[in-house]
Amino acid sequence: MATAKVNRAITFEHINGVLTFASGNGDKFSLVLDNLSTASREQAILFGVARKCTNATALDAGASVADKWTALVDVAERLHSGGSWNGTAREKGVGGDGGLVIEALMRAYKDTREKAELAVTKLMAKKGIDRKACLKLWASTEKVGGEIAAIKAERAAKIAASANLDADELMDSLDD
């Protein structure tokens, strides 16, 4: 069951394929998702995935277009590769074991996971910061940030290759 507030007056709840909306004045409306036409379901999926990906771009006011693009691609890659809808800390690369940042540290310094973890632990102690802040600090360096970009590019290339689409063919098809 998932409940989310749409605004102060409207909420919704999803239980076993039934989406129930409720108003602050007691009105309710239930929508059985299996009753949607195939076209409506496809549109709902497209809208939901597009909204999920673009919501990731809602960063701090100072975020660059590149930062926003990276956030969007991270979510899209996670969903495309079968990851969870909201993403675990590991999938996001900033929690759990540090995922992407640890992998980038390993590549940047040609070290083992243990040595990369030790570098994180030592920097946390030296700077007096928590793990998340430490991983962000490492990620903001040119060397580790460059490896993160390379890893993401490799992942994106794999996803593109698995889609079995050719950009030139798509462009040429627009002339038809």
**Asked** Out of the residues in the range 115-144 that are small (Gly, Ala, Ser) and free of Cβ contacts under 8 Å to residues at least 24 places away in the same chain, which is surrounded by the most Cβ atoms within 10 Å (Cβ to Cβ)?
**Response** 116
**Asked** Considering the range 145-158 alone, what residues qualify as being loosely packed, with under 14 Cβ neighbours inside 10 Å and of a type in the set (A, V, I, L, M)?
**Response** 149, 150, 153, 157
**Message:** Tally up the residues in the range 33-46 that are touching a residue at least 12 places away in the same chain (Cβ under 8 Å) and either more than 29 Å from the chain's Cα centre (by Cα) or surrounded by 11 or more Cβ atoms within 10 Å (Cβ to Cβ) (or both), please.
**Reply:** 1
**Message:** Would you confirm, using the coordinates I've provided, whether residue 129 is in contact with a helix residue (DSSP H, G or I) (Cβ under 6 Å, 6 or more places away or on another chain) and among the β-branched types (Val, Ile, Thr)?
**Reply:** no
**Message:** Looking only at helices (runs of 4 or more DSSP H) that lie completely in the range 52-125, which have at least 2 residues being modelled with pLDDT under 80?
**Reply:** 65-80, 89-92
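The values are calculated or read from the model by the stated rules, or taken from the named source; none is laboratory data. Bear in mind that the values here come from a model prediction, so they are computed numbers and not experimental data. Don't worry about glycine lacking a Cβ; one is built from the backbone with ideal geometry, like all the others, and counts go over all protein chains shown.
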